[in-house]
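Shown next, in structure tokens, is the structure this report addresses.
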Amino acid sequence: MKRREEMTFLERIYIVEVLRGLGITFGKLIRNFTLHLLHSLGVAKNVPAAASIQYPNERRPYPPRFRGRHRLTLKDNGDIKCTSCFLCATACPARCIYIEAAEHEDPNIEKFPHRYEIDTLLCIYCGYCVEACPVDAIRMDTNIHPEVYPPDPRRFIEDKEVLMERSRELEDFGPHYLYELHMKKMQELEKDPFKSTPGA
């Protein structure tokens, strides 16, 4: 398509173009507002108001490669798989993983993470930690959004126990149950955003 080199006077002063843009924007705004109002009254339910997902009441299906909350995988006996090799912390571009290694009581195991923490406020959910791990000790396959905690930054630091418990819950209840639990929590938070989280 050949571009016009010459613009008309009205195009050059941009007033008409700005008004056209505002007309489109406000037209969509009024249409969606009216449809949302009608939906709340129970009218025109079959006409979609907007393309957005009404989270947390609706869910968009996620692909299998969706990177959700972290979890530390466990061995069959319940011990942590992590060997404290520090590859995940080294690969992390946000430097949000902190590991403190310790010697294991079992002489066959060289070391284990005495302390393993992920600062989820710093995490960019890139998945490099998962790719770097040679023993498949960390995963992001929970299919759940990052946790929303009360406004205390210390609560966003997830320690080893939280990450291990997430693996146990996933194995015991399955991903669907965990997601439903997460959605109920988000709906409660939406109703009362200043109420502290249960167990906080």
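Some points to look at:
- Rg(Cα) / (2.2 N^0.38 Å) computed for segment 1-128, rounded to two decimals: 1.98
- Comparing Pro48, Thr90, Tyr116 along the charge dipole axis of the chain, the residue lying farthest to the positive side is Pro48, per the Cβ-charge model.
- Mean Cβ count within 10 Å, highest first, over the residues of peptides 41-48, 65-72: 65-72, 41-48
- Listed values for segment 136-153 are Karplus-derived 3J(HN,Hα) couplings in whole Hz (6.51 cos²θ - 1.76 cosθ + 1.60, θ = phi - 60°), namely 6, 8, 10, 9, 10, 9, 6, 6, 10, 4, x, 5, 10, 9, x, x, 10, x, and x replaces Gly and Pro.
- The angle between the Cα long axis of helix 175-191 and the longest principal axis of the Cα atoms of the chain comes to about 60 degrees, rounded to the nearest 10.
- Computed from backbone phi, the HN-Hα couplings of segment 112-123 come to 8, x, 5, 9, 9, 9, 10, 7, 6, 6, 8, 4 Hz, rounded to whole numbers (Karplus: 6.51 cos²θ - 1.76 cosθ + 1.60, θ = phi - 60°; Gly and Pro given as x).
- Dipole magnitude for the chain: computed about the Cα centre from +1 point charges on Lys and Arg Cβ and -1 point charges on Asp and Glu Cβ, it is near 1380 debye.
- Helix 15-40 and the longest principal axis of the C-alpha atoms of the chain enclose an angle of approximately 60°.
- Taking amide H atoms as placed 1.01 Å from N in the peptide plane, the amide H of His114 lies under 5 Å from those of Glu100, Ala101, Ala102, each 5 or more residues away in sequence or on another chain.
- Residue among Tyr14, Tyr98, Tyr116 with the largest mean-square fluctuation in a Gaussian network model of the chain, springs linking Cα atoms under 10 Å: Tyr14
Laboratory data are not the source of any read-out in this text; all were calculated from the coordinates shown. Only a predicted model underlies this, so the values are computations on that prediction, with no experimental measurement involved. Please note: Cβ atoms are built from the backbone with ideal geometry, for glycine as well, and neighbour counts cover all protein chains shown.
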